[in-house]
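S.K.: Pasting a structure below so you can have a look.
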Amino acid sequence: MEYSVNEKRDSIFVQQFLEKYLSLGFGVLPKSEIDTLVFSLITDLGYIDSSMRENEIENELHITETKLSALRLAANARAKKPQSVEESIAELKTRISNGSIKIYLQKDNKNVLLSVPYPHIKKNLANAAEEITGYPADNYLNSRKVEMPISVFCAVLYKNDETAKDEFIKSAKKDVKDAAKIDEITKSGKSPLEIVENILAATSNLSTIAQLLPAFGIIK
């Protein structure tokens, strides 16, 4: 793997690698743990560009899609502080914007389908949906994909990001003739899901990917 020399970053890599590798004695750390450690370090320290697509990372490291997914899962499980739901949603928005997570609108059944190769994001997104709807998180998971109603997906973004909430409401007001109607909906005191459902019902354009993502601060 080619990378530019950065003395501070390289020094941190060597220090953290040796600390972990020698923690149990020389040669004791299993190969799978070494692979996970190296992957975590090159990811966290920026040897791998966060904007790279999955196939680019796979080609760069000469590994399969399955191996990359396993490394991500193992690295997240061994993290000192697992990523919170809010952090995962923030990362989700960034990765949708840079194209490393694909999102599709299924017009027939009004669902959003996301191709999510990052286990921690996928699980936290499903957990956030479960918290909002009461349905088990596994209902939204399917291999590398996450599928949920548009309203649930919006409610997840609405609940966990005040800026996203403000932008969504602002976009909704532009889409209706009576902006006061949106204020009435948002001040009704209902749950995030009920508020979002009522806003989507009152608007005409926010159920399309082109309008929906920018409304939540996601560049597409």
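The values are calculated or read from the model by the stated rules, or taken from the named source; none is laboratory data. For clarity, every value in this text was computed on a predicted model and none was experimentally measured. We place every Cβ from the backbone using ideal geometry, glycine too, and count neighbours over all the protein chains shown. Please note that ligands, DNA and RNA were not included when accessible areas were found on the heavy atoms of the full protein model with its side chains. Shrake-Rupley method; radii C 1.70, N 1.55, O 1.52, S 1.80 Å.
S.K.: Short version: ³J(HN,Hα) in whole Hz for each residue of the range 195-203, in order, from phi by Karplus 6.51 cos²θ - 1.76 cosθ + 1.60 (θ = phi - 60°), x for Gly and Pro, what are they?
M.R.: Running phi through 6.51 cos²θ - 1.76 cosθ + 1.60 with θ = phi - 60° gives 4, 5, 4, 5, 5, 4, 5, 8, 10 Hz.
S.K.: Ignoring everything except DSSP H segments at least 4 long, calculate the 222 nm mean residue ellipticity for the chain; use -39,500 (n - 2.57) per segment, divide by total residues, nearest 500.
M.R.: -18500 deg cm²/dmol
S.K.: Bin width 10 Å, alpha-carbon pairs only: give the P(r) of the chain as whole percents, running from 0 to the bin holding the largest distance.
M.R.: 7, 29, 29, 18, 11, 4, 1, 0
S.K.: To the nearest 0.05, how large is the calculated FRET efficiency for E7 and K102 if R₀ is 35 Å and r is the Cβ-Cβ distance?
M.R.: Result of the calculation: an efficiency of 0.40.
S.K.: Amide H to amide H, which residues 5 or more places from K102 or on other chains are under 5 Å from it, using H placed in the peptide plane?
M.R.: It is S115, by chain and number.
S.K.: Calculate one ³J(HN,Hα) per residue across the range 123-130 by plugging θ = phi - 60° into the Karplus curve 6.51 cos²θ - 1.76 cosθ + 1.60, and present them in order as whole Hz with x for glycine and proline.
M.R.: My calculation for the range 123-130 gives 5, 5, 5, 5, 5, 5, 5, 5 Hz in order.
S.K.: Here's another thing I want to ask about it. Work out, step by step, the length gained on full extension between D178 and E87: first 0.36 nm times the residue separation, then minus their alpha carbon distance; give nm to one decimal.
M.R.: Values: separation 91, 0.36 × 91 = 32.76 nm, distance 3.49 nm.
Contour length minus the Cα-Cα distance gives 29.3 nm.
S.K.: Then there is this: Choose one answer from E167, E54, E184: the residue with the largest mean-square fluctuation in a GNM of the chain with alpha-carbon springs under 10 Å.
M.R.: Among E167, E54, E184, the largest mean-square fluctuation in the Gaussian network model of the chain belongs to E184.
S.K.: Something else about it: Report the label-to-label distance for K67 and F26 in nanometres (one decimal), using points 7 Å from each Cα along the Cα→Cβ vector.
M.R.: 2.8 nm
S.K.: While we're on this one: Just the accessible area per residue of the range 130-199, please: how many Å² with a 1.4 Å probe? Can you show the working numbers first?
M.R.: Values: 3860 Å² over 70 residues.
So the range 130-199 comes to 55 Å² accessible per residue, rounded to a whole number.
S.K.: Rolling a 1.4 angstrom probe over the protein chains, ignoring ligands and nucleic acids, what is the accessible area of Y21 in square angstrom, nearest 10?
M.R.: Only protein atoms counted, so the area is about 40 Å².
S.K.: Under a 10 Å cutoff between Cα atoms, tell me which one of F39, F13, F153 has the largest fluctuation in the Gaussian network model of the chain.
M.R.: Maximum among the listed residues: F13.
S.K.: Still on this structure: Considering only protein heavy atoms and a probe of 1.4 Å, how much of the accessible area of the chain is carbon and sulfur, as a whole percent? Can you show the working numbers first?
M.R.: Values: 6310 of 12450 Å².
In the chain, the share of accessible area belonging to carbon and sulfur is 51 percent.
S.K.: Something else now. If each of R78 and Q16 carries a label point 7 Å out from its Cα toward its Cβ, how far apart are those two points in nm?
M.R.: Placing both labels 7 Å along Cα→Cβ, they lie 1.2 nm apart.
S.K.: Which ³J(HN,Hα) values in Hz, rounded to whole numbers, follow from the phi angles of the range 59-68 under the Karplus curve 6.51 cos²θ - 1.76 cosθ + 1.60, where θ = phi - 60° and Gly and Pro get x?
M.R.: Taking θ as phi minus 60°, the curve returns 5, 5, 9, 6, 10, 7, 4, 5, 5, 4 Hz for the range 59-68.
S.K.: Let me ask something additional. Report the convex hull volume per residue for the range 131-220, counting only C-alpha atoms, in Å³. Kindly include the intermediate steps, with their values, before the conclusion.
M.R.: Details: hull volume 8.6 nm³, N = 90.
Taking only Cα atoms, the range 131-220 has a hull volume of 96 Å³ per residue.
S.K.: Follow-up question, since we're still on this one. How large is the accessible surface of I219 in square angstrom, using a 1.4 angstrom probe and rounding to the nearest 10?
M.R.: The value for I219 is about 130 Å².
S.K.: Can I ask one more? Pull out a ≥ b ≥ c, the square roots of the eigenvalues of the alpha-carbon gyration tensor of the range 1-72, then state rounded if a/c is under 1.5, prolate if not and a/b is larger than b/c, and oblate in the remaining case. Walk me through the intermediate numbers first.
M.R.: On the way: a/c = 2.68, a/b = 1.27, b/c = 2.12.
Judged from the Cα gyration tensor, the range 1-72 comes out oblate (a/c at least 1.5, b/c at or above a/b).
S.K.: What is the helix-to-structure angle for 85-98, meaning the angle in degrees between its Cα long axis and the longest Cα principal axis of the chain, kept from 0 to 90 and rounded to the nearest 10?
M.R.: It works out to around 90 degrees.
S.K.: List every residue whose amide H lies under 5 Å from the amide H of K145, counting only residues 5 or more places away in sequence or on a different chain, with H placed 1.01 Å from N in the peptide plane.
M.R.: Answer set, sorted by chain and number: V116.
S.K.: Next up: Spin-label point model (7 Å from Cα, Cβ direction): what's the E162 to N205 distance in nm?
M.R.: Those two pseudo-labels are separated by 2.8 nm.
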